[in-house]
Structures are given as C-alpha cells and as structure tokens.
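To keep things clear, I will list the structure first and then write my remarks on it.
Here, each number is a calculation from the coordinates, and none is a lab measurement. If you're wondering where the values come from, they're calculated on a predicted model, not measured in any experiment. Note that each Cβ is placed from the backbone with ideal geometry, even for glycine, and that neighbours are counted across all protein chains shown.
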Amino acid sequence: MHSDCSLKTSDLAASLDRFWKVSAQKIELINREYDVSQGSPVFTVDGKYTTRGWTEWTQGFQYGSEILQFDATGDSTFLKLGKQNTVEKMAPHITHFGVHDHGFNNVSTYGNLLRLMNEGRIPENEWERNFYVMALQASSAVQAKRWTDLPSGGYIYSFNGPHSLFADTIRSLRVLAIGHQLGHAIMGENDKKTSLLERLVQHAKTTADYAVYYGEGRDLYDVWGRTAHESIFNLNDGNYRCPNSQQGFSPFTTWTRGLAWIMVGAAEQLEFLQTVEDGELEPLGGRDAIEGVLLKMATATCDFYLANTATDGIPYWDTGALNIHKLGDDVYERESDPFNNAEPVDSSAAAIGSQGLLRLGHYLNEPKYMQAGLTVMQTLLSDKYLSLDESHQGLLLHSVYHRPNGWDHIPKGQSVPCGESSMWGDYHVREAALYVQRLANDQPYYKFYL
C-alpha cells in the first residue's frame, strides 16, 4: 500500500464527524427494522442484516456499537440502549463454554461500560460497577478454561475442538487481561489456582510460534508475516501437525481478516503489558522475552499487510485466493476495486488491521505504521466504503464473511460479493474511528484494559 505521509489525525476530523452521524442512523435503523427472532445480526444481504453463523459471536458487537456511539458523541440515548441491551441480553455470553469469542462479545459490552465508568464518562455506581466486574471476571475464567495443554505451554482452543488454534483468538485475550487486572484466576479441582496472565502469555506465544511465519524456513511458503488461520495439533502427544484454514483460501495463503486479528491483538497486548509489574512476568519468561515475542509478531504481520494490500489500504480477502492472479501483477500498485470480477476485497479486515497499525505505530513511535493506519482510515471513511444509503442497515461496505462456504451475497450484475456489511466490520470501524478521534482531540488514550 501507499501511505500518505503527510496525513494527521486532525485531517480526518470532518470525515469523523460525518461518520458518527451515519453510524447513529444505522444503529437506529437496525433497532427499528431488524427481526430479533432471527438471532444475532451477522451480515447484510441486499442491505438488510441477516443471521448465519457457527456460533453467537456478533451480538456483543451490536450492543457494543451503541456504547461506542455514546463514547464518541456524548448522546446518552445510545448509552441507555447499550446498557439496557447488555443487561437484558448478554448474560448467556458470559458463561458460554462453547466459544473462543469472550473477548469479542463481553469486552465490547461489559468492558466498554466499565471503562467508561473508570474514565468518569458515566456516573459512579457501586452496584453497577460490581455487575460489570463480576461479568468480566466470570467471562475471563470461562474463556481461559477452554484450554489445550502443550509440552511448551498451551492455547485457548477454537470452537472446532481442542486440536484447533485460531488466529482470531489472540484478540479475545483481552478478557483474560481484564480478569487478571481484576484479581481473578481460574479455580479448579482441589482449589488449584491457575493464573489468567499465565494463560494469556502462553496463548500469545503459541500463536506467535505456529500461526505466524517469519521467513525462517518452516515451509516453501514461509515469508515474513504470513499467517495461517488455523493451527492443528496432535492431542495424543501435543505435537504441532500442520496449518489449516476455515475461512481463508488455503493453509498456505493468508486470509487477511485472520492477519488483521493478530495485528491488533498483538499490539494491544504490548500496550497492556506496560501495566504489568516485572515480578509478575518473571516466572513466565520475563518481560524482555514476552514482549519480544509479541513485538516480532506485531511487526511481521503489519509489514505483511503493508506489502500485500492495495494502495489505498484495503486488502483483498485472501492474498493467494484462486483468482487473485486475474487482477494482475500490479494488484497492490492500484487502489482497491470492490467491483472487480475476480476476488472480493474485505473492508472488515481493513477496519481491524488499521487499529493494529495505529497501535503499533503509537507503541513504537514509528510513523511508518501510524501513517499507514491513518491512510486506511481515510479510505474507510470515504464515499467508496462508508454506507451512505439511508435504507442500507450496514455502516461499512464491502465486507466478506465466509467466501469458501459461499455465504456472502453477490449482487445482480456482479461477479464477487460486494456492497454488503458485517457486524464485526461495523463495530471495528467504530473502534478505529474512536481511537483516531481521541488522538486528534487529545483525549484519554482509548484502551481495553483498566
């Protein structure tokens, strides 16, 4: 991609102002029109949200969006909605033992509300605070209990089963971090106590070791920053077996949303570790080693994104998909084309990845990544990707859900999915917009941890 090296956060002020107006209209439209009996909204078809998922992993994004809308604009209508929906509808997610998505659903709702109370943005209330704290403590333990031991550590396994590590889950480590900060742990048989911080560090290291490539000769396709969506292990002896992919094109190509989850997940954990005392990290390998693993993973994946993305910062859904070659050898030397006839772009990967670039750039004080993140955001806030049709329920256009399964809508007259939105794309573009807005206005740094 080609970063605009002159771009400043303040340059996006007018676009952000328009963005939050459009965002409010979309939230109101969904609340007015969406049939809740369908289940959680997942992605749009002809501009209307529908549901189709492996698990209920998007409801927290729906109600979390209401909370972010209040955070960005101060409109208490959205705070009331976000609180009410969190209290009435999110409880099943706290004790959902069948998913690896606690950091998505519960940090986006209970976590955002607790953060706002800590910031003084909503009034202090002891019972309300205790409610959010207990929800996050319980969620952190349930998430961390979903565990596969390895000789070298272990990982939180995906909904595919104990043999399966997903790239996505590094971003769900947020709930373990908060649980640890709240003084919580996993309690097992005979009162055996397991540290949430220990599991966080071990999962991050396993992800770095197996989901990310560093050009060190693991296979013929090993290049700096390439990622595999899924890593498969032999449960009989704990040995790593092979890469795999559920939503990408193949184990040996990079599904860009999986790449983006690691970009932002690793960068956020680097930020979180700045709040942890050296003494807590010493038994887990020490600060230098742990931060070294996360920093290598973050820089490698961000570098891969920069090298394998269109000039305006929007990636195609998989860097090695079957028909990518039809877009030409110069595909990354042109702006993204959502309406091409070969392979779709994925704006949700851009929304997630932009925050990874911005956070890594802020952490390192490195303009290379910060300017890239701002360039991505400038594109996402433009008419090309922002959903300006008032009848369309989605906020961010040209998102892709599951290309291999054929779940994404292809409009009449088009060859690939385009023009649609996803709940995770809409939520994460709001997160990234809030992040940039707070930097531009010199407001408190937007973070997930306490």
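How long is region 9-440 along each principal axis, judged by its Cα atoms, biggest number first, in Å?
Result for region 9-440: principal-axis Cα extents of 62, 56, 42 Å.
Please sort by residue number the chymotrypsin sites (Phe, Trp or Tyr not before Pro) in region 222-309 whose DSSP state is loop and whose Cβ has at most 14 other Cβ atoms within 10 Å.
Taking region 222-309 and a limit of 14 other Cβ atoms within 10 Å, no loop chymotrypsin sites (Phe, Trp or Tyr not before Pro) are found.
When a/c is below 1.5 the answer is rounded, else prolate if a/b is larger than b/c, else oblate, so apply that to region 53-167 with a ≥ b ≥ c taken from the square roots of the Cα gyration tensor eigenvalues.
It is prolate, given that a/c is not under 1.5 and a/b is the larger ratio.
Among 392-405, 279-292, 88-101, how do they line up from the highest to the lowest mean number of other beta-carbon atoms within 10 Å?
392-405, 88-101, 279-292
Quote the FRET efficiency, to the nearest 0.05, computed for T77 versus L220 with a Förster distance R0 of 41 Å and r equal to the Cβ-Cβ distance.
Approximately 0.15, to the nearest 0.05.
From the phi angles alone, apply the Karplus equation (6.51, -1.76, 1.60; θ = phi - 60°) to region 294-304 and give each ³J(HN,Hα) in whole Hz, x where the residue is Gly or Pro.
Working through the residues one at a time gives 5, 5, 4, 5, 5, 5, 4, 5, 5, 5, 4 Hz.
For each pair in K205/K368; K26/K83; K192/K447, compute the distance between the two Cα atoms and list the pairs where it is over 20 Å.
K205/K368; K192/K447
Work out how much length D389 to S15 would gain on full extension: take 0.36 nm times their residue separation and subtract the Cα-Cα distance, in nm to one decimal.
Answer, rounded to one decimal: 133.0 nm.
Excluding same-chain residues fewer than 8 positions from K326, which aspartates and glutamates have a Cα within less than 18 Å of its Cα?
Those aspartates and glutamates meeting the cut-off are D318, E335, D337, E343, D346.
Quick check: pseudo-label points 7 Å beyond the Cα along Cα→Cβ at E124 and F339, how many nm apart are they?
5.6 nm
Take the alpha carbon atoms of region 195-265, find their radius of gyration, then divide it by 2.2 N^0.38 Å using N residues; give the quotient.
Cα-based Rg divided by the globular estimate yields 1.12.
Give me, ordered by chain and number, the residues 5 or more places off R52 or on other chains with an amide H under 5 Å from its own placed amide H.
The list, which skips near neighbours in sequence, is V42, F43.
Relative contact order (percent) for region 161-213, with alpha-carbon contacts under 8 angstrom and 6 or more residues of separation?
Value for region 161-213: 37 percent.
Report the FRET efficiency, 1/(1 + (r/R0)^6), for D149 and L182, where r is their Cβ-Cβ distance and R0 is 22 Å, rounded to 0.05.
Details: r = 25 Å, r/R0 = 1.13.
My answer for the efficiency is 0.35.
Taking the number of other C-beta atoms within 10 Å as the exposure measure, put F70, F166, F339 in order starting with the fewest. Write down the numbers at each step before the final one.
Values: F70 22, F166 26, F339 14.
Taking fewest neighbouring Cβ atoms as first place, the list is F339, F70, F166.
Taking the highest mean first, how do the peptides 79-85, 414-420, 357-363, 214-220 order by number of other beta carbon atoms within 10 angstrom per residue?
My ranking of the peptides, most packed first, is 357-363, 414-420, 79-85, 214-220.
Using a Gaussian network model of the chain with C-alpha springs under 10 Å, which one of S37, S231, S152 is most mobile by mean-square fluctuation?
Evaluated over the chain, the most mobile residue of the options is S37.
Under the classification rounded if a/c is under 1.5, otherwise prolate if a/b is larger than b/c and oblate if not, where does region 353-450 fall, given a ≥ b ≥ c as square roots of the Cα gyration tensor eigenvalues?
Numbers: a/c = 2.28, a/b = 2.03, b/c = 1.12.
In terms of gyration-tensor shape, prolate.
If contacts are Cα pairs under 8 angstrom and at least 6 residues apart, what is the relative contact order of the chain in percent?
19 percent
State whether region 235-360 is rounded, prolate or oblate according to the following rule on the C-alpha gyration tensor (a ≥ b ≥ c being the square roots of its eigenvalues): a/c under 1.5 gives rounded; otherwise a/b larger than b/c gives prolate, and the remaining case gives oblate. Before the final figure, lay out each step's value.
Numbers: a/c = 3.15, a/b = 1.71, b/c = 1.84.
Note, shape of region 235-360 comes out oblate.
May I ask you to derive the relative contact order of region 182-273, considering only C-alpha pairs under 8 Å and at least 6 residues apart, and to give it as an integer percent?
17 percent
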